[in-house]
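Chemist: One structure, as structure tokens, below. Some questions next.
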Amino acid sequence: MRKSHVVVLAVLIAVGSMLGTYALTRTTELGVQAREASSKDVDAVVATRTRQLNALETSLRKALAKKPPALPALPKKVKALPVQLQSSPRVYTPAPVSITPARATVTRVAAPRSSASRTSARQAPEHESDHERAPSGGEYDD
């Protein structure tokens, strides 16, 4: 690298560092000014809002101190409205449900047959209890 190139690069770096330092000092000055201005603005806003709230508080205390006017007297007799003008409240009720008892099931029991009718051994018993009394031929085993 030539010496002229080194000098040019050194000058450019020096100029860049000077501009950077200048920008940094401006930024910090702006930051300080902004903080001072914002604190002043905040103080002004707080003071204004405090005055408004104090005025509202005094008006509320005055309104609380006043008594409301007396109510007018009620009429001695109130006439009922005609039936046509009265509005009846609508009450919705479910439809009436008729409850009918369940149908009764009637079971008929056959009269016992005479022993003459049980002559056949292959005849099926009429009832489960008769199954126990059936002849033991193996025909009716479960």
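The values are calculated or read from the model by the stated rules, or taken from the named source; none is laboratory data. Note that this is a predicted model, so its numbers are computed, not measured.
Chemist: Every residue in segment 61-86 that is basic (Lys, Arg) and at pLDDT below 75, please.
Modeler: If the condition is that a residue be basic (Lys, Arg) and at pLDDT below 75, then Lys79 is the only one that fits.
Chemist: Moving to a separate point now. If Pro89 passes every condition in (1) within 51 Å of the chain's Cα centre (by Cα); (2) at pLDDT 90 or above but one, which one does it miss?
Modeler: Condition not satisfied by Pro89: (2).
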